[in-house]
Amino acid sequence: MLKIDARDVLQFAIRIEEDGEMFYSRAAFTADDKNVADLFNELAAEEVRHKLAFEDLLSRAKEIAPPESYPGEYIGYLRDYIDGKIVFSRSKKTELENVHDVAAALDFAIGREADSITYYQELRAYVSPGERPPIEKIINEERTHLEKLSGLRKNYP
């Protein structure tokens, strides 16, 4: 049976943030609307801060086994989630190929922020209770990203 621990889950969170920063930086560069470009630049900077927070957690990570109803339940769940929804992944090329305007970029970002929130909520099970506050802070910031993106999206029919 494949075993996964906090280090594995945190490394994936780091990758999510790296990919998010890359997406937002590129989207800001190509955005015609200054408000959208400014928001994308702001979110790119936030992704960098989140990456640093996850790297700090990774440096202190210990093996934690989340409670399971049956052996392999949690790893199976995360594997299915990761395989189906790799957040901001380079492998989502077909989805990214459809991002040709501001509305599509905002829609893509909104979906990925929602996916990030879900992943980070699950990540909490892999860290000790004392290491959860930075994750909670990131989850709240990701929710703020989602709200800002959704608010701006209303301007694009």
*Measure off 7 Å from each Cα along the Cα-to-Cβ vector at S150 and Y70, then give the distance between these two points in nanometres to one decimal.*
3.5 nm
*Using the Karplus curve 6.51 cos²θ - 1.76 cosθ + 1.60 with θ = phi - 60°, work out ³J(HN,Hα) for each residue of segment 135-146 in order, rounded to whole Hz, and write x for Gly and Pro.*
5, 4, 4, 5, 4, 5, 5, 5, 4, 5, 4, 4
*For A103 and L52 in the same chain, what is the full-extension length gain: residue separation times 0.36 nm, less their Cα-Cα distance, in nm?*
15.4 nm
*Rounded, prolate or oblate: pick one for segment 95-157, where a ≥ b ≥ c are the square roots of the eigenvalues of its C-alpha gyration tensor, a/c under 1.5 means rounded, and failing that, prolate if a/b is larger than b/c, else oblate.*
prolate
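Rule-based calculations on the coordinates, nothing more; no lab input. None of these values were measured; they are calculated from a predicted model. Note that each Cβ is placed from the backbone with ideal geometry, even for glycine, and that neighbours are counted across all protein chains shown.
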